[in-house]
Every structure is written in structure tokens, then in C-alpha cells.
Amino acid sequence: MMVTKYSIAVVLLNFNSERDLLSSFKQVKKQKGIELITIVVDNASQRETIRAIKKWPETTVPTSFIGSTNELHELISSSELGVETYSTYFIFNDENNGYSAGNNIGIKIADYLDADAILIVNPDMRLEDENYILELAETLFSDKSYVVASSRIIGLDGQEQNPLRELYFYEELFWPRTMFPKIFKNTSCVTPYERDQVQTIKKTSGCCMLLRTNFLRGIGYLDENTFLYSEEPILAKQVQQKNKVIVFNPKISAVHAHKESEKGNNSQRMLLFIESRKYYLKKYSEYNRTQLILLSLSYSVLAILHKIRE
């Protein structure tokens, strides 16, 4: 099945990760067999990072758009922006409103430019196969029910990171178990899969996934009520609510060059996770009122402990 008739937009959301971004950006630009739009959204990084990124187009993509979200919107309002105008965008956000809000800037531009699908990819992903996006697009468009497509994701430690499952109620309620791994066996949220065939899954890693543009438009784009974390279970529920499917192709893979030590204060990140998780549970989960109260109390205790550690 040929997919060259499809236009694929790649959205790279950056925050103070110019070295990772440059590596990922170069690999994206080498992708073959697709009509490619590349959209880099910087989510209010430090000045040094912004200066470094703005230097790239001088030697690599001189015809790219470089500017703020306001400048881009002015260009759109003037009706002077089309698919033929630019194939690469560097958009600099004035404030960081979170992962989903930042990605939505790129997603909406891709939608305006009539991209058929959008690859949301973190800067620390490595797409070493030059046919990666082509093969993922072939998977996505092979069935009308597929609205999200993903591949194997391999960590630097060689461990599988995809596909995923959602936590069970008691796993989530009794979070202290995770603090004593020698006593309690912690079950992985990465699920087993058939190695040699494309299959549908319940939940995918959000670090690298291809989504149909019309599906994103239909759900009002990514839910911006979380700053960071819980985007994956939210998306899984949105797919389910639309009676659509997430498809997983184990025959292709990407490397997640994520380094936990570079991600900042662990307690601050945990507090962000708790806030996002409680939002997900309240709006998207199917738990009853008693279960929601118990989980809220459990997470409140966890939050207090992390606030003490800050």
C-alpha cells in the first residue's frame, strides 16, 4: 500500500533539550517515502536554548518559518500561509502551559496545512530507520478504525516500553507497595505482545505515536487540563469513547534515549503526576464514587509526603 499521497506532520515539542532535539530533528529530516512537514515547538525554554535552535535554519533549512505563535497566527490571518510556503516551522512559545498545550500548537498548524496524520515525537526519541514514519503510516491507514499507531519503543537499557496497560484499582490504591520492591513484586505496566503481527492495543506510550488529524480535530485536540503526565490514559479513553482503535506494529521500532537523571526534582515531578492523575480519574475513569474517594485520599497522602521531601 503506497502512502506517498499522505501528508505527515511531525511535531517536536522542546523544553531545554536542544541537543536531543537536534539529533531527533536530523533523523526526522532523513525520513523517506512521505510528504513531510516538520514543526518544532519550543515551550518557553531558556534563552541559551532558544538562541541555539534559531541558528540551525541558517545552514540546514533556510526556507523555514521562524517566529512566535503570534507571528504565525498573523501569517495565517493574512492568508499567506499554505503547504507550499514552508515545510519546516520553528515556533517559539512565550509561556509553557504544559505538554498537551504545547503539542496542540503544532497539531493545529498541521491541521491548518491539511496534514493527514501527525507524529507526536519527543526530542529524546531516535528514529534510526529512515522508513520508520512511512511504515507507521502504512499501519495507521490500513484500517479506517485505526486512529493511533505506535511501534516498539526501546529504552537505552534495552527494555521494552510499549505497549502499555492501565493500572488496576488496588495497584493504584496501595501505592506504598512500590516503595518496598524487595517485599512486594511490582508488576510492569508494559504488556506482552505478538512479535510477528500487527495488533490492536488498549494504551500506547506517548513519546512517539502517529495520530489521524481528523481524529484529533474531532476530540478538540489534546486535553490541555493536565500540565504533564496522564496524557496516555486520557488518549486511550478518548479513542475508546469514539469507538476507534489504537494499533501497534511490533515490526518497527524506535529508541527512547530518556535519561531519568536529567529530568529534575523527583518530588516536583511526582506532584505534577498526582495532580494530572487525579484529573484523569475524575473525568475519564469508570470508577464509582467510593473508589474515587479512596484513590483521592491515597494520592493526597502521597502528595503530602513529597511536599515534605521538596
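What pairs come up if the first residue lies in segment 131-150 and is farther than 13 Å from residue 252 by Cα, the second is assigned to a loop (DSSP other than H, G, I, E, B) and open to solvent by 10 Å² or more (accessible area, probe 1.4 Å), and their beta carbons are under 6 Å apart, counting only those six or more places apart or on different chains?
Pairs that qualify, where the first residue is farther than 13 Å from residue 252 by Cα and the partner is assigned to a loop (DSSP other than H, G, I, E, B) and open to solvent by 10 Å² or more (accessible area, probe 1.4 Å), are 145/244; 147/244.
Against the definition (more than 16 Å from residue 93 (Cβ to Cβ), of a type in the set (A, V, I, L, M) and surrounded by 15 or more Cβ atoms within 10 Å (Cβ to Cβ)), how does residue 66 come out, yes or no?
no
What are the pairs, 6+ residues apart or on separate chains, where a residue within segment 41-68 that is in contact (Cβ under 8 Å) with a residue 12 or more places away in the chain has its Cβ under 6 Å from a residue that is charged (D, E, K, R)?
Close Cβ pairs (under 6 Å, with a partner that is charged (D, E, K, R)) amount to 44/95; 49/18; 52/18; 53/18.
Restricting the search to segment 97-131, which residues are assigned to a loop (DSSP other than H, G, I, E, B) and either in contact with a Phe, Trp or Tyr (Cβ under 6 Å, 6 or more places away or on another chain) or open to solvent by less than 50 Å² (accessible area, probe 1.4 Å) (or both)?
Listed by number, the residues that qualify are 98, 113, 115, 116, 122, 123, 124, 127.
Mind telling me which of the residues 287, 279, 193 ends up being more than 22 Å from the chain's Cα centre (by Cα) and at negative phi?
Only one candidate qualifies: 287.
Looking only at segment 13-31, which residues are touching a helix residue (DSSP H, G or I) at 6+ places or on another chain (Cβ under 6 Å) and modelled with pLDDT of 95 or more?
Within segment 13-31, 13, 14, 31 meet the criteria.
Among the residues of segment 261-278, is any in contact (Cβ under 8 Å) with a residue 60 or more places away in the chain and either open to solvent by less than 40 Å² (accessible area, probe 1.4 Å) or part of a loop (DSSP other than H, G, I, E, B) (or both)?
No, the conditions are met nowhere in segment 261-278.
Are any residues in segment 157-173 assigned to a loop (DSSP other than H, G, I, E, B) and either surrounded by 13 or more Cβ atoms within 10 Å (Cβ to Cβ) or in contact with an Asp or Glu (Cβ under 7 Å, 6 or more places away or on another chain) (or both), and if so, which ones?
Selection gives 161, 162, 163, 165, 166, 167.
Could you tell me whether segment 235-256 includes any residue that is among the small types (Gly, Ala, Ser) and assigned to a loop (DSSP other than H, G, I, E, B)?
no
Please give the number of the condition residue 304 fails out of (1) open to solvent by less than 80 Å² (accessible area, probe 1.4 Å); (2) in a helix (DSSP H, G or I); (3) β-branched (Val, Ile, Thr).
(1) is the only condition that residue 304 fails.
Just to verify a result, which residue in segment 52-63, among those that are in contact with a helix residue (DSSP H, G or I) (Cβ under 9 Å, 6 or more places away or on another chain) and of a type outside the set (S, T, N, Q), is least open to solvent (accessible area, probe 1.4 Å)?
By that ranking, first place goes to 53.
With respect to residue 217, determine if the residue is under 26 Å from residue 95 (Cβ atoms), assigned to a helix (DSSP H, G or I) and open to solvent by less than 60 Å² (accessible area, probe 1.4 Å).
no
I'd like the residue in segment 69-96 that is free of Cβ contacts under 8 Å to residues at least 12 places away in the same chain and in a loop (DSSP other than H, G, I, E, B) and, out of all such residues, is most open to solvent (accessible area, probe 1.4 Å).
84
Inspect all residues belonging to segment 200-218 and state whether any of them is modelled with pLDDT of 95 or more and over 19 Å from residue 139 (Cβ atoms).
Yes; the residues of segment 200-218 include at least one that is modelled with pLDDT of 95 or more and over 19 Å from residue 139 (Cβ atoms).
Considering only residues that are part of a helix (DSSP H, G or I) and at positive phi, which ones fall in segment 1-60?
Listed by number, the list is empty, since nothing qualifies.
The values are calculated or read from the model by the stated rules, or taken from the named source; none is laboratory data. Values in this document were obtained by computation on a predicted structure and should not be read as measured data. For neighbour counting, all protein chains shown are included, and Cβ atoms are generated from backbone atoms with ideal geometry for every residue, glycine included. Ligands, DNA and RNA are stripped out before the accessible areas are found, and what is left, the full protein with its side chains, is counted by its heavy atoms. Shrake-Rupley method; radii C 1.70, N 1.55, O 1.52, S 1.80 Å.
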